1. Can you pull the percent of region 96-146's accessible area that's carbon plus sulfur, 1.4 Å probe, other chains left in place?
2. Could you check the simple spin-label distance between THR159 and ARG133, using points 7 Å along Cα→Cβ, in nm with one decimal?
3. So what's the gap between the Cα centers of region 91-161 and region 49-73, to the nearest angstrom?
4. Multiply the residue separation of GLU96 and ARG48 by 0.36 nm, subtract the distance between their alpha-carbon atoms, and state the gained length in nm to one decimal.
5. Under the rule a/c < 1.5 gives rounded, and otherwise a/b versus b/c splits prolate from oblate, where does region 70-177 land using the Cα gyration tensor?
6. What ranking, highest mean first, results for peptides 73-81, 107-115 when packing means the other Cβ atoms within 10 Å averaged over each residue?
7. Near ARG81, within a Cβ-to-Cβ distance under 12 Å, what is the net charge of the other residues, with Lys and Arg +1 and Asp and Glu -1?
8. Using each residue's phi in region 86-91, evaluate 6.51 cos²θ - 1.76 cosθ + 1.60 at θ = phi - 60° and report the 3J(HN,Hα) Karplus result to the nearest Hz, with x for Gly and Pro.
Amino acid sequence: MSARDFARTFAAFFAATVVLTGCDRAEDTPEAPPAPETPAAPEAPHLRWEPIASGEGSALMLLDQADNQVFHMACLSAPARMTVNVPGFTVIGSEERLTLGVDNEAFGLVADTLAEGLGVRAEAAIDPMLLDRLPRTEDISALYGTQQAGPYEAPDAETLANFVTACRDIAAGGQGA
């Protein structure tokens, strides 16, 4: 048998094998298993914003269903400053920056690593750019080291507008209440 005859015979057997095995392929293919059910998303905790005003300033406090404080943001007078308190955070002695997230914009505050009490407290001068952004925000969050709070749905427009007005008044030297 010549090399040419061998090549033709081999090609014929190879083609026949491909055709015959290709025909049976549909029957041999097992059905794909059904897709697993997607678990329902966990129910979001019931949170609510409470505005607070006093002679010291104006605040927005986020409370859970049991009235525990989850997040606290305030504009305080004497001296004028903004504070953020996140009770769920743990103080990190070497971490002095808490970042307040307003939608996709970040605003830095200085964390008080020696403060007494629950969580992390931070403060900064009242930032006019933050006050400009707050009335349009959809969510608020905080980041401290690797700890994150939120994003939380922002308060309603009227609550935010009242808070921003009070903060602007405090920044201008008033009491804000």
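1. 50
2. 2.0
3. 14
4. So the chain would gain 14.4 nm between GLU96 and ARG48.
5. oblate
6. 73-81, 107-115
7. Details: positive: ARG121; negative: GLU56, ASP112, GLU123, ASP127.
The answer is -3.
8. 10, x, x, 8, 10, 5
The values are calculated or read from the model by the stated rules, or taken from the named source; none is laboratory data. Bear in mind the structure is a predicted one, so any value in this text is a computation, not a measurement. No Cβ is skipped: glycine too gets one built from the backbone with ideal geometry, and neighbour counts run over all protein chains shown. Surface areas here come from the heavy atoms of the whole protein model, side chains and all, with no ligands, DNA or RNA. Shrake-Rupley method; radii C 1.70, N 1.55, O 1.52, S 1.80 Å.
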